[in-house]
Amino acid sequence: MNSPQASTRPNGQHRRYQARRHTRGIALSHYENFTVVSLALPRHLRQDFYNIYAFCRHADDLADEIADKNESLRLLDELRREVGRMYQQGAEGVDHPILVALADTVQKFDIPADPFLALIDAFEQDQRVGRYETYEQLRDYCRRSADPVGHLVLYLCGYRDANRQRLADFTCTALQLTNFWQDVVPDLGRGRIYLPLEDLERFGVREEEIIQRRVSENFLQLMKFEVERAEELFVKGEALLPLVEGRLRTDVALYGRGGRAILDRIRGVGYDVLSQRPTLNKWAKLGLFAQALWRVVV
């Protein structure tokens, strides 16, 4: 991880201020299928959401945006070590602005290191594994690449129980799967096919067809199956909403609604994700926010 270049470290208060600006800029500038922080989220929580998101985005970028896999692994390992220093020494023990900002959030909400380390482990796996034989193997990956994010959100909301975490896992895994089905072509460029090989065999789709971006009826049926599988997880995850306090519920609801909206986009293009990448524009996201807010109000 590259540290900010400076001959002398600025004082602690200024470092924290600059770090918070940095994470807020990351959270507000990246495209996601869902709104990271909505206007319904209590103001006192917004910066902490930005800090958590910035860490997740940064770790994911180290896995996806570094062309050299060995360099990616080196940077992820360095990130792991800096997370360790953050837990040992707080903001004063780290240099990267994301970790400086995150240190305060970790301390404020007493967040354990496990979710952050699980994410790093999953992103390291991305450098070593480009295919998954079974759906269960893919789910195991999601337990480390996606589910920890839900746990982190729950910590920020003041919830630490296993039941809420289990329900959040449904939505987080569904969001991860949705992203995979949305990004079949971009992931090809990274040498990865997340569609389980057992599903390819079941529907008579050869890996070469996907690599060559050849759309067949078998492939469309495969994608229909995967979309419905993710949809089922979103439905299960909705059981979390009544267990979350009202204003926070709007943001939590948006995560699932954003993912399901992408599934609808995939259906709308006839499941042909090899020819185009379905996305949500800002107006669609505003519509989702209005729906989620209305659900809380009524």
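The values are calculated or read from the model by the stated rules, or taken from the named source; none is laboratory data. Values in this document were obtained by computation on a predicted structure and should not be read as measured data. Positions of Cβ are generated from backbone atoms using ideal geometry, with glycine treated the same way; all protein chains shown enter the neighbour counts.
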(request) Name, by its number, the condition in (1) assigned by TED's automatic domain parsing to the domain that holds residue 247; (2) in contact (Cβ under 8 Å) with a residue 24 or more places away in the chain that does not hold for residue 114. (result) (1)
(request) Have a look at 82, 71 and point out the one that is touching a residue at least 60 places away in the same chain (Cβ under 8 Å), part of a helix (DSSP H, G or I) and more than 18 Å from the chain's Cα centre (by Cα). (result) 82
(message) Test of understanding: among 274, 222, 197, which residue is modelled with pLDDT of 95 or more and touching a strand residue (DSSP E or B) at 6+ places or on another chain (Cβ under 8 Å)?
(response) 197
(request) Name the one entry in 146, 162, 174 that is closer than 16 Å to residue 118 by Cα, not assigned by TED's automatic domain parsing to the domain that holds residue 56 and not charged (D, E, K, R). (result) 146
(message) When the residues of the range 4-27 are narrowed to those that are in contact with a helix residue (DSSP H, G or I) (Cβ under 8 Å, 6 or more places away or on another chain) and aliphatic (A, V, I, L, M), which ends up modelled with the lowest pLDDT?
(response) 27
(request) Filter the range 247-276 for residues that are touching a residue at least 12 places away in the same chain (Cβ under 8 Å), outside any loop (DSSP other than H, G, I, E, B) and not hydrophobic (A, V, I, L, M, F, W, C) and give the result. (result) 247, 249, 250, 251, 255, 256, 257, 258, 259, 260, 265, 267
(request) Tell me, please, whether a residue that is surrounded by fewer than 16 Cβ atoms within 10 Å (Cβ to Cβ), on the phi > 0 side of the Ramachandran plot and in contact (Cβ under 8 Å) with a residue 40 or more places away in the chain can be found in the range 135-151. (result) no
(message) Being within 13 Å of the chain's Cα centre (by Cα) and surrounded by fewer than 21 Cβ atoms within 10 Å (Cβ to Cβ) is the filter here; which residues of the range 154-179 pass it?
(response) 179
(request) Out of the residues in the range 105-132 that are over 25 Å from residue 66 (Cα atoms) and β-branched (Val, Ile, Thr), state the one that is surrounded by the fewest Cβ atoms within 10 Å (Cβ to Cβ). (result) 111
(message) Any residue that is part of a loop (DSSP other than H, G, I, E, B) and among the β-branched types (Val, Ile, Thr) - is there at least one of those in the range 200-216?
(response) yes
(message) Restricting to the range 205-224, name every residue that is without any contact (Cβ under 8 Å) to a residue 60 or more places away in the chain and surrounded by 14 or more Cβ atoms within 10 Å (Cβ to Cβ).
(response) 205, 206, 209, 216, 218, 219, 220, 221, 222, 223, 224
(message) Looking only at helices (runs of 4 or more DSSP H) that lie completely in the range 98-185, which have at least 2 residues being over 30 Å from residue 88 (Cα atoms) and not polar (S, T, N, Q)?
(response) 135-145, 162-182
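Looking at 265, 247, 202, which is the one that is touching a Pro at 6+ places or on another chain (Cβ under 8 Å), farther than 27 Å from residue 61 by Cα and surrounded by fewer than 21 Cβ atoms within 10 Å (Cβ to Cβ)?
On the way: 265 fails: farther than 27 Å from residue 61 by Cα; 202 fails: touching a Pro at 6+ places or on another chain (Cβ under 8 Å).
The conditions single out 247.
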(request) For residue 123, state whether it is of a type in the set (Phe, Trp, Tyr) and either within 23 Å of residue 77 (Cβ to Cβ) or free of Cβ contacts under 8 Å to residues at least 40 places away in the same chain (or both). (result) yes
